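To start, the structure under review is shown below, and the notes come after it.
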There are 2 protein chains.
Amino acid sequence: MTSILPPDRLSLTSLRIFVAIAEERNLTRAAGREAIALSAASKRLADLEADFGVRLLDRTPRGMRLTAAGESLLHHARRVLGAAQDLTADMSDFRKGVRGHVRLLANLSAIVAYLPEDLERFFLNHPDLRVDLQERPSLEVVRGVEEGQAELGICSAHADLQGLTVVPYKTDDLVVVMRADHPLAGRGPLAFRDTLAFDHIGLHAESSIFMRSQRAARDEGMSLRRRIHVPGFDAVCRTVQAGLGVALIPAPVFGILGSSMSLHAEALTDPWARREIVIVHQSARPLSAAAERLHDALRRG
Amino acid sequence: MTSILPPDRLSLTSLRIFVAIAEERNLTRAAGREAIALSAASKRLADLEADFGVRLLDRTPRGMRLTAAGESLLHHARRVLGAAQDLTADMSDFRKGVRGHVRLLANLSAIVAYLPEDLERFFLNHPDLRVDLQERPSLEVVRGVEEGQAELGICSAHADLQGLTVVPYKTDDLVVVMRADHPLAGRGPLAFRDTLAFDHIGLHAESSIFMRSQRAARDEGMSLRRRIHVPGFDAVCRTVQAGLGVALIPAPVFGILGSSMSLHAEALTDPWARREIVIVHQSARPLSAAAERLHDALRRG
DNA sequence: ATACGCCTTCGCCGATCGCGAAGGGTCACC
DNA sequence: GGTGACCCTTCGCGATCGGCGAAGGCGTAT
């Protein structure tokens, strides 16, 4: 039974140097890049191999080549170093006077439409707090909060929310954006059905807007003509501007992006176009002081 | 401009000890637990605080209490140490003779229905390879492969697969499971519509089976009566057995779980009940030798 | 007041780490 | 087939780091 060597004997410096060697495939260059003597780098590598009992690189006359074990270590080392990097970055914030940190997951609509102003106001009142905001599709927001990756989540209300505390955040309405010269422009509020004759520009396939509209198309007994998926509402709008089709976006997003691009929007009359956006957190664990503040601020926002 | 201190000055040992202190909220006990002298633990903690320039714990006469910065560090430290743990575990495999490691993401259906036998056969031919298998909903399988978290993915074919190389893996058919005394039992192949009068037991909301059947319900102009979501097909079957409703599961899964639970299954006639399951990987990056082997084995499986 | 629990500081010693120098391969080019 | 250009490894030395136990400060309990 070879006991797994405790993570102790492992040094982040060695990992960093290993990554450099693996990337450069050349000890000399790697040592230069890491500002360390060639001999020291060599020793660290040899020690790693000795500790793990595994050859990590095949030495060739003109450099080094990763073994399978080396490939695996490279992958893991990057993860470890990335996590360490995040750690120091956060600590550095605290040193600069930050007094609290909240991890927040939110869907793209919320990030584009509502969070900027709400967070701005929040930071005015709490300059000493910081928010780590990550974009996720609504379903993954829920998962992330359940798993404790983040304390707070913002997502559309239709995910499976049991075990979480839910408070309403915003209500938003989807609108149809199109070029000003589009046949549908100026016709007033539209039924989703009316848009099905045209190509739709969508976010990535996990987005709740896309899933929703696809379902709605089925409900109409038709299928959604989606010509392209692009990342981000700005890309959606530019694509619409290019005349590739129409798109569904939250009304506030149109207010931000659409006007400056001289696009046109019509309201959508279907009931599902009104979406409830909520704030969620684990019911079991109490919120940190910082998260509590943010939660309050968003709820009142 | 305070430069972020490089991850170098960070020692995994210090992090481990910090975690112990934070958990025990008592230096003496933490030092005992980590088998280190009290003085050494104290010094490591002091050094951490000095390096980060931040107070991590408030000293009270009866122990220690985490500050906000300490809470944050605890979170990060756990991540870093977890990653380091994974690293050493994998390296330990290699030392024991493993010659390759493949990270594989798959949806639950594949994991339950097909992978066990295919992997068994694979390991017979390749006892020196190892597979890290993680369950994800199909959409996240795709994301994981795109982001390089795993080399190979197995998912249903309907996700957005551009940029990935796709080969067919299996075709499976969904069946309706129910208790033997259920009204629908023994009526022969069913249309999904016929099941809508009864409660449905579902996997978590991200599962493609659930999303699919919900869409199908809409297509029928009805809504799915879902009484409960449970994690895992075994839980689904037990819930069905308890008489809480019917459920859709892949036919092979019924073969494995259903019979021993004296459940009954009927085929589903709707065309969407036949699902294509595929193997995907990044087209851009070449597969490692080990992944190549697994890919071949699964494809032929 | 005394004793106890909890943390910090200090001085000493052994282990670790980095550096430069020396060494030994392979390949390319005369 | 020598010679030089690379590329990596090994070795010995000095500096630094990290651990240990002893001594000390501080608050609380008795």
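Computed from the coordinates by the stated procedures, all read-outs in this text should not be read as laboratory data. Just so it is clear, the structure is predicted and the values come from calculations on it, not from any experiment. Here the Cβ positions follow ideal geometry from the backbone for every residue, glycine too, while neighbour counts run over all protein chains shown.
Considering only A:GLY53, A:SER14, A:THR28, and ranking their Cα positions along the charge dipole of the stretch A:9-95 that arises from unit charges at the beta-carbon of Lys, Arg, Asp and Glu, the one farthest toward the positive end is A:THR28.
For the stretch A:172-274, a simple Cβ point-charge model (Lys and Arg +1, Asp and Glu -1, everything else neutral) yields a dipole of about 220 debye relative to the Cα centre.
Using a Gaussian network model of chain B in which every pair of alpha carbons under 10 angstrom is joined by a spring, one finds that among B:LYS96, B:LYS43, B:LYS170 the greatest mean-square fluctuation is at B:LYS43. For chain A, take the longest principal axis of its alpha carbons; what is the angle in degrees between that and the long axis of helix A:12-24, to the nearest 10 within 0 to 90? Taking Cα atoms only, the helix is inclined about 80 degrees. Computed from Cα positions, the angle between helix A:289-300 and the longest principal axis of chain A comes to roughly 20 degrees.
To the nearest whole percent, what portion of all C-alpha pairs in the stretch A:215-264 is separated by more than 19 angstrom? Tail of the P(r) past 19 Å holds 32 percent of the pairs. Kirkwood radius, the stretch A:172-274, all distinct C-alpha pairs, inverse of mean reciprocal distance: 13.2 Å. Inter-copy label distances for B:THR28: 5.9 nm (label point placed 7 Å from Cα along Cα→Cβ; shortest first). Diffusion coefficient (Stokes-Einstein, Kirkwood radius over C-alpha pairs, 10 °C, 1.306 mPa s) for the stretch B:91-232: 90 µm²/s, rounded to a whole number. Working value for the stretch B:1-130: equivalent-ellipsoid semi-axes of 41, 16, 16 Å, each the square root of 5 times a Cα gyration tensor eigenvalue, largest first. Position B:ASP86: other-copy label points at 1.1 nm, ordered by increasing distance, label point 7 Å along Cα→C-beta. Among A:ALA290, A:ALA89, A:LEU164, pick out the residue whose Cα is farthest towards the positive end of the charge dipole of chain A, where Lys and Arg carry +1 and Asp and Glu carry -1 on C-beta, about the Cα centre. Sorting the options by dipole projection puts first A:ALA89. Could you give P(r) for the stretch A:154-202, binned at 10 Å from zero, as whole percent values over all Cα-Cα pairs? Values per bin, smallest distances first: 18, 37, 22, 19, 4.
The stretch B:64-135 to the stretch A:58-88: how many Å between their Cα centroids? About 16 Å separates the Cα centre of the stretch B:64-135 from the one of the stretch A:58-88. All C-alpha to C-alpha distances of chain B, sorted into 10 Å bins beginning at zero, yield P(r) values of 6, 21, 21, 18, 18, 12, 4, 0 percent in whole numbers.
When the convex hull of its Cα atoms is viewed from all sides, the protein assembly as shown shows a mean projected area of 31.9 nm².
Relative to the other identical copies, A:ALA267 shows label-point distances of 5.1 nm, where the label point lies 7 Å from Cα along the Cβ direction and values run shortest first.
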